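The values are calculated or read from the model by the stated rules, or taken from the named source; none is laboratory data. Keep in mind the model is a prediction, meaning the values are calculated, not measured. No Cβ is skipped: glycine too gets one built from the backbone with ideal geometry, and neighbour counts run over all protein chains shown. Ligands, DNA and RNA are excluded from the accessible area calculation, which covers all protein heavy atoms including side chains. Shrake-Rupley method; radii C 1.70, N 1.55, O 1.52, S 1.80 Å.
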Amino acid sequence: LGEFQLADSMLTQAVSVAQGDRSPDSTAGGEVPLELQGVLLNNLGNERAIAGDTLGALAAYRESAETARGAGQALGAAQADANAARAALELGRQSEARRATPRPQACTAHSWSPIAGARSSARRRTRP
């Protein structure tokens with residue numbers, strides 16, 4: 001606890017590697033899925049919020065939401081948007097917080113389709 005600079009540095013480096021900014025000495029290979037990039041950015045926002053860097057947190061949450069939307073991850077986008085709204089409120093930016101607040105329709109049935117598909121498959125296997 002309390003090693004915010006180290007945590008920020010490590011998360012920032014993880015985001016950079018995930019986004020393809022690999023240094024010559026990097027051992028990471030292949031492309032990192034957008035879903036993971038969105039999660040890393042949201043985690044970076046969380047770390048910055050805990051460290052008291054609300055403006056930095058807001059920027060990370062915004063980028064996380066856009067990345068998640070680009071990956072078709074409505075739930076991840078809604079989580080990042082909710083975090084961005086909270087950060088905007090802490091900064092006294094009420095109108096920005098309202099714009100960032102996720103709407104219920106943002107988490108569509110499509111975002112839950114893997115779960116629904118797994119349940120229906122399980123039901124088919126257990127029926128005679």
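See the values below:
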{"item": "Test set (1) small (G, A, S); (2) under 21 Å from Q13 (Cα atoms); (3) open to solvent by less than 50 Å² (accessible area, probe 1.4 Å) - A85 fails condition number", "result": "(2)"}
{"item": "Pairs, first farther than 17 Å from D53 by Cβ in the range 70-98, second open to solvent by 40 Å² or more (accessible area, probe 1.4 Å) and of a type in the set (G, A, S), C-beta under 6 Å, six or more apart", "result": "A74/A106; A78/A106"}
{"item": "Members of the range 62-99 that are basic (K, R) and in a loop (DSSP other than H, G, I, E, B)", "result": "R93"}
{"item": "Residue satisfying all of: in the range 1-27; more than 17 Å from the chain's Cα centre (by Cα) and among the acidic types (D, E); modelled with the highest pLDDT among these", "result": "E3"}
{"item": "Selection count, the range 32-61, where residues are outside any helix (DSSP H, G or I), touching a Leu at 6+ places or on another chain (Cβ under 9 Å) and not aliphatic (A, V, I, L, M)", "result": "0"}
